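Throughout, read-outs are computed from the coordinates displayed, never taken from laboratory work. Being a predicted model, the structure only gives us computed values, none of them experimental. Please note: Cβ atoms are built from the backbone with ideal geometry, for glycine as well, and neighbour counts cover all protein chains shown.
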Amino acid sequence: MSNAATSLFPAHTQGLSRAAWVASLPRLARKAVWADLAPDDAAAEVLSWDWAFWARPEQFPPPGRWHTWLVMAGRGFGKTRCGAEWVRSRVAAGALRVGLVARTPADARDVMVEGPDGILAVSTPDERPIYEPSKRRLTWPSGCVGTTYSAQEPKQLRGPQHDTVWGDEIAAWRYGKEAWENATIGCRYGDDPRLCATTTPRPIPLIKTLLKRANLPVLDPAGRPTDVIDVRVSHGTVYDNLENLADSYINAVVRPLEGTRLGQQELMGKLLDDVPGALWTRALLERTRVLPDAVPDLRFIIVGVDPGGDGDEDAATGIVTAGSVAGQQRGLPHCYVLSDSTISGKPEVWARAVVDAYKANEADLIVAEKNHGGDMVETVIHQIDPKVPVELVWASRGKRPRAEPVATAQEQGRVHHVGLFAELEDEMCTFVPGDPSPHHMDAAVWALTKLLEGGAGPRGTPWTTIAGKTQAGLRRTAWMMNIGSEGGRDE
């Protein structure tokens, strides 16, 4: 935007974007301002790419010198656009090495780069980078090179140097602490290296640590404060951007969460404390969390399934995989949550996701609740693969009584999460009776209950007996007879 055009605006616009402020003017005043801003088609085209015109005040980077910008806001606020536009401005200012870190490789590609508010979408045709997905690389006309990373593989970030790093949804990163630390250490190239983190808040150590450093100065090697602020924080809610959200998103995502505790986090962007009466606390989950290197050779692996209710395609079907091994505490099982593949969609969609989770984790059994759909649950899974073993279970007790033994085992240090599972842990730490059905949590409870009971075979076959004629049973039989290698799960 030109200096002349910028001078048309007041010092503040009552919290509105400049575009919204113009739209709020009386008709004649609006026409006069618009005539100065976009007198012809060429000027209107330039203006359409001008983020300074369209952004709300809280979407601008903080002024002054700082090291990390934390954008902590509710869903639909426009966090992704903030991050993409910030990267765009850094490249325009001369950045040479950009790191883009997402929860998964797919998120890096589909959200940060190719998404509707991603880097390619916000870049003008003459500044748009060339994207090479197979090389995880973007190359701008200026010569700046960007690389995408997955927070699922924190070691990717060891070694590379950047002057600009954008991490998206850092509170949902499975190995967030390790990935963020590596990204921060590598952000050391050039004279003014900076990081931006965009996320919906969760009360996890990484977020709490960044908030503790907010507005504090960076210290020099001698321990003296510099004029650079360590962390600047921006807040926002979904309602700040409601006029730009589709009615379908508002009805499917926003309205169901309104008035709920989870809505305070997901919509309002608030950092929540533990819920009185919840079976799990964040501190308990942190205390029992492990990294993949700490997981022993698992003898039994189960996929727990909690189908969405009444055939509603928008309802989530919980799909959580966990494994167990005999522990040192009187031989009681120790369990490890391995993956959360929860998905929304038609039965054939979630059934394929169940089978994919079974195969990806080399599982022994699928345990699925039959309350919604009855035998249809087993039927639709076997339509995808008739060979996978399925055991149907009936929820004869309430959710809390079913979950209590699992929470107790976790308090005893016998249940561990391998990394962070954001949606699952939100449900575990916020659910109280009367809340909407927690599909992630229910699926995890089904899998862990089966493992803690000592059974992984059809109809509760204990691991101390010869199992049935399923593929899983043959593996267990071979193990008990010491057939095969001593190391892992034998085929």
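Observations on the structure shown:
- Which of Ser234, Ser396 has the fewest Cβ neighbours within 10 Å, and the rest in rising order: Ser396, Ser234
- Two-site FRET efficiency, Arg27 against Glu243, from Cβ-Cβ distance with R₀ of 30 Å, rounded to 0.05: 0.95
- Euclidean distance of C-alpha centroids, the range 139-176 and the range 390-456, integer Å: 33 Å
- Karplus (6.51, -1.76, 1.60) ³J(HN,Hα), θ = phi - 60°, over the range 270-282, in Hz, Gly and Pro reported as x: 8, 8, 8, 7, 4, 8, x, x, 5, 6, 10, 10, 4
- Taking amide H as placed 1.01 Å from N in the peptide plane, Val71 has its amide H under 5 Å from the amide H of Ala197, Thr198, Thr199, Ser234, each at least 5 places away in sequence or on another chain.
- Taking other C-beta atoms within 10 Å as the exposure proxy, Tyr239, Tyr189, Tyr149 rank Tyr239, Tyr189, Tyr149 from fewest upward.
- Derived scalar couplings between HN and Hα for the range 361-369 equal 9, 6, 6, 9, 7, 10, 10, 10, 6 Hz in order, rounded to whole Hz, by the Karplus curve 6.51 cos²θ - 1.76 cosθ + 1.60 (θ = phi - 60°), x for Gly and Pro.
- By the beta-carbon count within 10 Å of each Cβ, the least crowded to most crowded order of Thr80, Thr408, fewest first, is Thr408, Thr80.
- Loop trypsin sites (Lys or Arg not before Pro), the range 39-138, which have at most 14 other Cβ atoms in a 10 Å radius of their Cβ (DSSP): Arg65
- With the cut-off at under 18 Å, measuring from each backbone N in the range 90-106 to a point 7 Å along the Cα-to-Cβ line of Ile185 picks out 99-101.
- Residues with amide H under 5 Å from that of Leu332, placed H, sequence gap 5 or more: Gly327
- Here the relative contact order of the chain, from alpha carbon pairs under 8 Å that lie six or more residues apart, stands at 13 percent.
- Karplus-based coupling profile of the range 422-427, in residue order and whole Hz: 4, 5, 4, 6, 4, 5, with θ = phi - 60° in 6.51 cos²θ - 1.76 cosθ + 1.60 and x standing for Gly or Pro.
- Averaging the sequence gap over all C-alpha pairs within less than 8 Å and six or more residues apart, then dividing by the number of residues, gives the range 16-129 a relative contact order of 20 percent.
- Summary value for the range 146-245: 22 percent relative contact order, contacts being C-alpha pairs under 8 angstrom separated by 6+ residues.
- Ser48/Ala326 FRET efficiency (R0 51 Å; Cβ-Cβ; nearest 0.05): 0.20
- Mean ellipticity per residue at 222 nm, deg cm²/dmol - from DSSP H runs of n ≥ 4 across the chain, formula -39500 (n - 2.57): -8500 deg cm²/dmol
- Net lengthening on full extension, Glu258/Ala92 (0.36 nm per residue, minus Cα-Cα): 55.8 nm
- Taking 24 Å as the limit for the C-alpha separation, the pairs Lys177/Lys359; Lys155/Lys450; Lys79/Lys135; Lys346/Lys387 exceed it in the case of Lys177/Lys359; Lys155/Lys450; Lys79/Lys135.
- Under-5 Å amide H pairs with Leu267, H placed in peptide plane, nonlocal only: Arg75
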